[in-house]
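Everything below concerns the one structure shown next.
The values are calculated or read from the model by the stated rules, or taken from the named source; none is laboratory data. It should be emphasised that the depicted structure is a prediction, and the values quoted were computed from it without experimental measurement. Methodologically, a virtual Cβ is constructed for each residue, glycine included, from the backbone with ideal geometry; neighbour enumeration extends over all protein chains shown. Areas reflect the complete protein model, heavy atoms only, side chains present, ligands, DNA and RNA absent. Shrake-Rupley method; radii C 1.70, N 1.55, O 1.52, S 1.80 Å.
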Amino acid sequence: SVTGAGTSSDFNSEEGVFFVEASKLVSGEKSETLSINDGTDNNLVMIQWNNTVNRIQFYVRGSSGAYDVITANNIPHTDMNKIALSWDSTNYYGWVNGVQVGTLAVSNSPIGLSELGFSQGGSAPFFGKTSQIQVFKTALSDFELTQLTTI
């Protein structure tokens, strides 16, 4: 069940944070995703439990169609992890369990983010457990991200 989901006005394409506390049911095997998107696969910010065991990837895709990717290894898929993808006008940041795992310069900003997705445009559906999913309309500080994602 979903409570307090808000509306599409709660999303901001220019900056924000996509936070999940979640785990997959089975490690590896297939990729599974959670995303904020524009209703298509063209503009999105996405957290993916990759089909490689213990690998989580952060994807950003703008209308040009290219993906920008941050990869974090050694993150047990079946453990409940606190994961955040933060973005501002210059960079994307991946956070897992209180640690920044990567930074990527903005090169392909998504626009029109308005929907929460439990798949990537219908593929790589998420089958797992979620304790919480939050979207922030503004980027958070490193201190705030550390607090948000620390287990």
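Given a 1.4 Å probe and every protein chain left where it sits, what share in percent of the accessible area of the stretch 34-100 is carbon and sulfur?
Details: 940 of 2380 Å².
Roughly 40 percent of what the probe reaches on the stretch 34-100 is carbon or sulfur.
Exactly which GluC sites (Glu not before Pro) in the stretch 15-103 are in a DSSP loop and have at most 14 other Cβ atoms within 10 Å? Provide the component values of the computation, followed by the final result.
Working: sites: Glu15, Glu21, Glu29, Glu32; in loops: Glu15, Glu29.
Qualifying residues, ordered by number: Glu29.
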Using a 1.4 Å probe, what is the accessible area per residue for the chain, in Å²? 47 Å²
Quote the accessible area belonging to Ile133 in square angstrom, nearest 10, computed with a 1.4 Å probe and with ligands, DNA and RNA left uncounted. 50 Å²
State the percent of C-alpha pairs, over all pairs in the chain, separated by a distance greater than 24 angstrom. 22 percent
Remind me, relative contact order of the chain in percent, using alpha carbon pairs under 8 angstrom and six or more residues apart? 34 percent
Report ³J(HN,Hα) in whole Hz for each residue of the stretch 85-98, in order, from the Karplus equation J = 6.51 cos²θ - 1.76 cosθ + 1.60 where θ = phi - 60°; Gly and Pro get x. 10, 10, 9, 9, 6, 10, 9, 10, 9, x, 10, 9, 6, x
